[in-house]
Amino acid sequence: MIFVSSFWGTVHLTQGIKSLESGAYDFVLIDCPPNFNIVTKNALVASDFILVPTKPDYLSTLGIDQLRTHVKELVSTYNRYAQDSGNDQWNAIDPQIMGVVFTMVFIRSGSPISAQEQYIQQVQNLGVSTWDTMIRENKTIYADAPEYGVPVVLKRVSGKTYEDVQDELEALTTEFLGKAK
């Protein structure tokens, strides 16, 4: 019965997104916790695409193949239930993994450090699309953002590292817009 109630939550989320003023938004991004709980499942069912931000390390990259398996099982179960229910509110779903964006990357001489490079290669060997843009680790720049309520891209700070982070975030946005079309 819990599974059925999760479908009702999904229907409400999907309807809520569809009810947004037509044309007011080009994209709706839903940030989910890094586990496969009911919140994540509802967001996946309401989504057309999945963007996977991940740190290039052992545990984070290990979860990508598991995520693909879980998404495939969720889609199959949901679609079977939606078809058997006879309820018009539950349409078949097919969210696609848009790719993996590597975050918290340690950059040395313009490239990820070798310890992280091996995990990036491991994900690419899985056949999962990886984005060209990577977001570097920088505790100084990112640490203050929540405290002051100012996004990193709007923060007025000078310095080469800060400029690099802003450039990476701009490149990520450009890459997202290119892939989303």
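Read-outs: derived from the displayed coordinates by stated rules, not from any lab. From a predicted model like this one, the values you see are computed outputs, not experimental measurements. Cβ coordinates were reconstructed from backbone atoms using ideal geometry, including for glycine residues, and neighbour counts include every protein chain displayed.
See the values below:
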| item | result |
| --- | --- |
| Test: residue in the range 85-99 that is at positive phi and in contact (Cβ under 8 Å) with a residue 40 or more places away in the chain | yes |
| When residues of the range 56-84 are limited to those that are among the basic types (K, R) and without any contact (Cβ under 8 Å) to a residue 60 or more places away in the chain, the one farthest from I38 (Cα to Cα) | R80 |
| Subset of the range 95-116 (residues that are closer than 18 Å to T140 by Cβ and either of a type in the set (F, W, Y) or in contact with an Asp or Glu (Cβ under 9 Å, 6 or more places away or on another chain) (or both)) | T103, M104, V105, F106, I107 |
| Residue within the range 147-168 that is under 26 Å from V71 (Cα atoms), surrounded by 13 or more Cβ atoms within 10 Å (Cβ to Cβ) and out of contact with any helix residue (DSSP H, G or I) (no Cβ under 8 Å at 6 or more places or on another chain) present | no |
| In the range 67-103, the residues that are touching a strand residue (DSSP E or B) at 6+ places or on another chain (Cβ under 8 Å), outside any helix (DSSP H, G or I) and not hydroxyl-bearing (S, T, Y) | P95, Q96, I97, M98, G99, V100, V101, F102 |
